[in-house]
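One structure is given below, encoded as structure tokens.
Bear in mind that the values in this text are calculations on the coordinates, not laboratory data. In this text the structure is predicted, and so the values were computed from the model without any measurement. With ideal geometry, Cβ positions are generated from the backbone for all residues, glycine too; neighbour counts draw on all protein chains shown.
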Amino acid sequence: MWFAGAMATAASFRSRLVTLEPLYGAWSVIPSPLSVRLLAAAGVDYVVIDLQHGGAVEADLPAMTSAIRLAGATPVARVRHAHTADIGRALDLGCEGVIVPNVDSAAQARQVASAVRYPPAGHRSVGGVLAVAEPFCLVMAESADAVADLDATLAVDGVDGLYVGPGDLSLSLGCASDPDDPVLNRVLQRVWTTCAAAGKPVGVHATDGTTARRYRDAGCTLITTAADAVAITRDTAAQLSRARA
């Protein structure tokens with residue numbers, strides 16, 4: 001069962017994504033419909049609900065995705081794990097696409113893409129009352145193995161694009177998470193080039209506009225610009241510092 005009210009919005013965002021239009025978003029770890037609505041109302045194109053490292057659980061998704069959509073943005077889930085059940089539940093409960101972590105090979109990407117799609121293209125079960133008709137699938141590149149198999153991963157039917165997690169990727173590479181680190185920078189340049197050659201969108205995690213703009217200028221089209229917990233802490237600390245000065 002598809003949720004008709006979200007179908008037009010989902011189709012529009014998906015088409016913008018796959019045609020490589022720059023899309024700007026926010027990241028949420030706070031499990032609150034109020035907080036995600038405020039993020040969406042700031043004017044972003046999408047809000048990611050982080051089910052892997054954030055506080056939200058599946059039961060929070062109907063209210064949170066509705067709040068995001070009502071404020072004019074697209075709700076997306078970073079699921080907990082590259083597992084059929086995790087992916088299907090996020091999509092059934094209102095998310096219009098998924099970002100799937102820990103995908104280290106094309107074989108894993110094939111299973112992930114299949115979990116997003118209904119038969120005959122995939123193996124997802126039908127029945128979600130808040131599901132949209134054509135969700136999108138982004139796999140995360142977070143390890144040296146993922147980067148090594150990137151060409152094959154991007155060629156998988158149903159993988160709509162890539163999302164880079166610089167933190168975990170730098171741990172895997174044994175370097176700093178600074179994009180100016182020579183090891184990380186070299187790998188990121190390879191990722192941008194490979195995605196461009198494949199004609200697939202690439203996103204990357206950032207928590208400030210300056211870093212996000214840098215990634216946009218490098219060719220990223222899914223541009224996360226803020227994270228709720230970081231924004232609250234950073235602004236509170238800045239305002240407190242000004243008040244005490």
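What is the sum of charges, Lys and Arg at +1 and Asp and Glu at -1, for the other residues whose Cβ falls under 12 Å from the Cβ of residue 205? Don't skip to the end; give the middle numbers.
Values: positive: 78; negative: 50, 142, 168, 208.
Taking every other residue near residue 205 into account, the sum is -3.
What is the stretch 51-141's relative contact order, in percent, from Cα pairs under 8 angstrom and six or more apart in sequence? Reported as a whole number, the value is 28 percent.
How big is the antiparallel share of DSSP beta bridges in the chain, given as a percent to the nearest 5?
Antiparallel bridges: around 0 percent, rounded to the nearest 5.
Can you check what the net charge comes to around residue 130, using other residues whose Cβ is under 12 Å from the Cβ of residue 130 (Lys, Arg +1; Asp, Glu -1)? Kindly include the intermediate steps, with their values, before the conclusion.
Working: positive: 69, 89; negative: 58, 92, 96.
Local charge sum for residue 130: -1.
For the chain, complete DSSP H runs whose alpha carbons reach 20 Å or more along their own long axis and whose mean Kyte-Doolittle score is -0.5 or higher are 4-18, 182-198, 228-244.
Output the relative contact order of the stretch 126-206, whole-number percent, from Cα pairs under 8 angstrom with separation of 6+ residues. Let's see the in-between values first.
Values: 101 pairs, mean separation 25.7, N = 81.
So the answer I get is 32 percent.
Amide H contacts of residue 23 (H built 1.01 Å from N, in plane; Pro and chain starts excluded): 222, 223 sit under 5 Å, all sequence-distant by 5 or more or on other chains.
Less than 5 angstrom separates the built amide H of residue 205 from those of 164, all sequence-distant by 5 or more or on a different chain.
Give the label of the value calculated from the structure for volume of the Cα convex hull per residue in Å³, choosing from (1) 133; (2) 153; (3) 119. Read-out from the structure maps to (3).
Between 169, 135, 184, whose Cα lies farthest towards the positive end of the dipole of the stretch 4-244 when Lys and Arg beta carbons carry +1 and Asp and Glu beta carbons carry -1, centred on the Cα centre? It is 135.
So what is the relative contact order of the chain, in percent, for Cα pairs below 8 Å that sit 6 or more residues apart? All intermediate terms of the calculation are to be shown ahead of the outcome.
Numbers: 536 pairs, mean separation 47.3, N = 245.
This gives 19 percent for the chain.
Taking Lys and Arg as +1 and Asp and Glu as -1, the other residues whose beta-carbon sits under 13 Å from that of residue 163 total -2.
Note on the stretch 4-244: dipole from Cβ charges, positive end direction compared against 105, 230, 41; the farthest Cα belongs to 41.
Here the chain is assigned +1 on the Cβ of each Lys and Arg and -1 on the Cβ of each Asp and Glu. Its dipole about the Cα centre then comes out at about 460 debye.
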